[in-house]
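Heads up, the thing below is written out as structure tokens.
The values are calculated or read from the model by the stated rules, or taken from the named source; none is laboratory data. The model shown is predicted, which means the values in this text are computed figures rather than measured ones. Note that we place each Cβ from the backbone using ideal geometry, even for glycine, and neighbour counts take in every protein chain shown. Heavy atoms of the whole protein, side chains included, go into the accessibility calculation; ligands, DNA and RNA do not. Shrake-Rupley method; radii C 1.70, N 1.55, O 1.52, S 1.80 Å.
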Amino acid sequence: MKKRILISAYAISPVKGSEYGAAWNTVVNLAKQHELWVLYGMSDDHMGDTQTLKSYIKANPLQSVNFIEVRPSKLANAINRLNKIGLGWFFYFAYYLWQKDALKKAEKLLENVHIDVVHQLGPIGFREPGFLGMLDKPLVWGPIGGMNIIKPVLLKGMPYLSQVKFGVKNTINKIQINFSSRIANAFQRADVLLAATNKTQHTIKEKFGKDSYLISEQGVIGKISYDEKKFERIYEQVELVWSGTHIDRKNLQLCLQALALVKQNNWVLHILGEGPLTSQLKKEAEKLNLKGLVIWHGHMSRNEAMHIMQLAHLHIITSISEDNPAVVFEAMSNGIPTLTLDHCGMGDVLCDKCAIKIPVSTNQLMAKEIACKLDLLISNPEFLANMAINTLSCAIAHGWDKRLKLLNTYYNEAIYSYNTRMLEKHKIHLYQC
């Protein structure tokens with residue numbers, strides 16, 4: 001049944017990945033069946049930068065979607081300048097103010113438009129749930145993420161300042177999960193909660209006593225296919241790909257350390273992306289004698305990056321903390337199996353048919369285990385060819401047709417839950433009279 005849905009998607013873009021792409025793909029697919037009003041505040045690099053989205057929808061208007069830009073206030077802009085210079089935690093103060101303005105826009109909209117259900121979509125972090133729960137409407141919140149506590153074993157060997165940074169983040173997460181009344185109230189108010197990972201689902205139940213549905217924020221989009229011709233060259237050279245920002249959390253250094261232990265030499269690693277650690281990581285690769293085996297592609301457009309990924313035989317991800325990175329689903333949609341640490345969203349989404357999962361341990365043991373698996377695969381590349389076929393079948397399970405059915409179920413449940421609450425509230429009021 002067609003519904004009128006109000007969605008809060010702060011960061012959304014038709015040309016970016018990560019949270020931007022997750023929100024965009026959700027909106028585009030929901031619009032096939034429903035009428036949407038989408039509150040947004042960013043489509044480019046910073047709060048208030050929306051030119052990409054505005055230009056796109058002007059040239060490619062989406063039927064059934066009404067985009068409502070929420071401009072940041074002067075105070076929010078001033079605070080966000082600290083975020084722009086690298087003091088990232090100040091973003092949350094600015095984002096809090098943006099959510100206040102988003103509520104005002106929503107209230108104004110409801111004066112003239114009937115909305116069936118409200119969806120607090122993104123960003124997925126739990127620490128800023130927004131204020132749309134104050135509207136007198138059925139509310140879906142999620143997928144919710146950001147609750148991950150990084151295991152201390154994954155921090156060993158990292159630079160001291162990085163260990164401090166992640167230690168502080170772990171502490172803040174624990175404090176907010178256990179003591180923030182605003183966050184606790186948001187969990188209680190939502191009619192339906194969606195958890196991005198198994199760990200988040202368990203935390204929501206343990207800390208807030210609420211059930212939630214497990215669904216990743218990302219999904220497979222576009223055509224599901226792969227290039228059969230690339231396997232004609234696989235015995236000569238196995239093509240590996242790693243994609244992400246060059247920061248400690250993405251942990252590219254573990255991938256490089258593991259590759260230095262690989263006995264075979266008929267392989268090449270394509271590294272997509274760049275970041276503050278790029279120069280340092282290039283020096284590390286040279287020290288590990290990986291020169292000629294690693295190709296640094298730097299920052300690329302999404303289309304350029306996807307072209308290189310489509311030629312790969314194996315995708316590698318070594319992050320110490322994630323929810324559900326888009327690159328996992330991009331690899332899956334192209335029939336590319338993934339080698340990953342067995343935790344976070346990757347451990348939930350990927351199965352043994354489409355992935356090689358490395359148990360979380362010390363950096364040294366994980367590097368040895370990754371190298372062992374790579375030696376086996378490079379020596380027997382037919383394993384990768386077989387996994388490619390299995391990966392395509394796994395991709396189908398994460399397609400948007402199935403995700404739409406799930407979201408429709410969640411919206412119906414939210415409406416039912418809200419109506420039940422209102423009925424009980426009405427009965428209590430009559431009894432008191």
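Summary table below
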item: Selection within the range 89-109 - within 19 Å of ARG127 (Cα to Cα), free of Cβ contacts under 8 Å to residues at least 12 places away in the same chain and part of a helix (DSSP H, G or I); result: PHE90
item: Positions within the range 185-202 being surrounded by 18 or more Cβ atoms within 10 Å (Cβ to Cβ) and either in contact with a Ser or Thr (Cβ under 9 Å, 6 or more places away or on another chain) or under 21 Å from PHE131 (Cβ atoms) (or both), in sequence order; result: ALA186, PHE187, ALA190, ASP191, VAL192, LEU193, LEU194, ALA195, ALA196, THR197, THR200, GLN201
item: Check on MET134, within 13 Å of ALA195 (Cα to Cα) and of a type in the set (A, V, I, L, M); result: no
item: Count - residues of the range 62-88 that are touching a Leu at 6+ places or on another chain (Cβ under 9 Å), open to solvent by 50 Å² or more (accessible area, probe 1.4 Å) and part of a loop (DSSP other than H, G, I, E, B); result: 1
item: Qualifying residue in the range 407-427 (condition: surrounded by fewer than 20 Cβ atoms within 10 Å (Cβ to Cβ), more than 21 Å from LEU259 (Cα to Cα), acidic (Asp, Glu) and in contact with a strand residue (DSSP E or B) (Cβ under 8 Å, 6 or more places away or on another chain)); result: yes
item: So SER18, is it open to solvent by 40 Å² or more (accessible area, probe 1.4 Å), within 19 Å of the chain's Cα centre (by Cα) and within 30 Å of LYS405 (Cβ to Cβ); result: yes
item: Subset tally (residues that are open to solvent by 30 Å² or more (accessible area, probe 1.4 Å) and outside any loop (DSSP other than H, G, I, E, B)) for the range 1-15; result: 1
item: Residues (outside any loop (DSSP other than H, G, I, E, B), open to solvent by 20 Å² or more (accessible area, probe 1.4 Å) and under 20 Å from ILE5 (Cβ atoms)) located in the range 41-61; result: ILE57
item: Search result, residues across the range 307-332 that are over 16 Å from the mean Cα position of the chain (by Cα) and farther than 19 Å from GLU382 by Cβ; result: HIS307, ILE308, MET309, GLN310, ILE316
item: Members of the range 113-132 found to be modelled with pLDDT under 95 and outside any loop (DSSP other than H, G, I, E, B), listed by number; result: GLY122, GLY125
item: Single residue of LEU404, LEU377, LEU365 found to be within 26 Å of SER216 (Cα to Cα) and aliphatic (A, V, I, L, M); result: LEU404
item: Filter result (open to solvent by 50 Å² or more (accessible area, probe 1.4 Å) and either touching a Gly at 6+ places or on another chain (Cβ under 9 Å) or in a helix (DSSP H, G or I) (or both)) within the range 289-318; result: HIS297, HIS299, ARG302, ASN303, GLU304, HIS307, GLN310
item: Filtered residues of the range 203-218 (kept if of a type outside the set (Asp, Glu) and open to solvent by 30 Å² or more (accessible area, probe 1.4 Å)); result: LYS205, LYS207, GLY209, LYS210, TYR213, LEU214
item: Elements of type helices (runs of 4 or more DSSP H) contained in the range 319-421, each with 1 or more residues being closer than 29 Å to GLN237 by Cβ, of a type in the set (S, T, N, Q) and out of contact with any Cys (no Cβ under 6 Å at 6 or more places or on another chain); result: 326-333, 363-379, 382-397
item: Sole residue being within 30 Å of ALA195 (Cα to Cα) and touching a Ser or Thr at 6+ places or on another chain (Cβ under 7 Å), chosen from LEU254, LEU214; result: LEU254
item: Condition met for VAL238 (surrounded by 20 or more Cβ atoms within 10 Å (Cβ to Cβ) and farther than 20 Å from ILE320 by Cα); result: yes
item: Residues being within 24 Å of SER417 (Cα to Cα), among the charged types (D, E, K, R) and either open to solvent by less than 50 Å² (accessible area, probe 1.4 Å) or touching a Ser or Thr at 6+ places or on another chain (Cβ under 9 Å) (or both) - total across the range 89-125; result: 1
item: Unmet requirement for ASN178, which otherwise passes all of (1) surrounded by fewer than 19 Cβ atoms within 10 Å (Cβ to Cβ); (2) in contact with a Ser or Thr (Cβ under 6 Å, 6 or more places away or on another chain); result: (2)
item: Every pair of residues 6+ apart whose Cβ atoms lie under 8 Å, when the first sits in the range 378-401 and is of a type outside the set (Lys, Arg) while the second is loosely packed, with under 13 Cβ neighbours inside 10 Å and at pLDDT below 90; result: LEU392/SER225
